[in-house]
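Please read the structure below before turning to the comments.
Only the coordinates and a few stated rules stand behind these numbers; no lab work does. Computed from a prediction, not measured in an experiment: that's the story for all the values here. Glycine also receives a Cβ, built like all others from the backbone with ideal geometry; neighbour counts cover every protein chain displayed.
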Amino acid sequence: MQTLYVRYCAFFPITRTQDIAIELLLSVTTLEEQVSRYANITLVFYTLSAYKQNYLDLCAMFSFPSRVIALDEEYPAELTRWEEIANEIKHKTQTDHRCIIRMLADFHILPVDQHRLLIGCDVFFLKVPQEVLAFTWNPVKQAKILYMADMFSFGGTLYKLRHYKPPILEGLLGDFYCLAPGVHLTEEAIKGCLRMIDDWPGGAHRWEPIPRFDDAHACEQQAAAILLHPFGGQLLPPVRYSHNTILDELAVIHTHSISNITVLLADKMKARARELLAAWPE
């Protein structure tokens, strides 16, 4: 039976007062309600050994299978190598650094013969993501990558890359895409692509059109848009899968605005989220 592996990257402890931890708990709550009932999912957390027990305790609160991977404990040599690759990149933020390690881990650790949904801690399932489920249910696919676009940052258009001429998965958001079985990238390909991107001038002018944020390097996202294009991409409808914009037909949103999300959640999910939050210290 095919499994949908849903991966989060969580290099932080779970507390009730840390925004990113609250986002994660809300995200997993919505995943439980809107996805786990319809797909054979396995939840995967990348974390560090200092926080491993946090995530083991969290996973014990759900009925579906899960795996907590402390990268420094289970893959110490690989993590050292991935850190070296990330450290080599000049044009990056601290978030980019973590995302590079996350991407390298995805193609080393997760099973290539299964579906893999790669999401950020700030992704929320407000309705059943029918397009994602249909992608995982269907064994015959022309496009092997299902992805959300960042329309918000680029004025409603799908971005291209100014310094890269071959086609890419235009608009791809690095915090929400799904890989079909068989999709694989080598570490050498990822490293080479990141080095090429790093040789470009840094900043917002890498993108076409120029985004509204001047510090938008997002080298891992750019590498994914380049390297995954040959597998064929299927764009999720932006009216249902949105980065940072509340829309009437919304099924999934990627945002840091917790207050907006809690207003949109059904009462059942709010109650479940309160239950999860109550289990952690302030």
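Data table
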| item | result |
| --- | --- |
| Helical contribution to [θ] at 222 nm, DSSP H n ≥ 4, -39,500 (n - 2.57), averaged over the chain, rounded to 500 | -11000 deg cm²/dmol |
| Out-of-range pairs (alpha-carbon distance over 28 Å; input K90/K160; K52/K141; K141/K165) | K52/K141 |
| Exposed trypsin sites (Lys or Arg not before Pro) absent: longest stretch of the chain, with sites in DSSP loops and at most 13 other Cβ within 10 Å deemed exposed | 91-211 |
| Three-way shape call for the range 136-243 based on the alpha-carbon gyration tensor, with the a/c threshold at 1.5 | oblate |
| Identified option (computed Rg and Dmax of the Cα atoms in Å; candidates (1) 17.9, 51; (2) 19.9, 60; (3) 21.3, 73) | (1) |
| Amide H contacts under 5 Å for W280, placed H, 5+ residues apart | none |
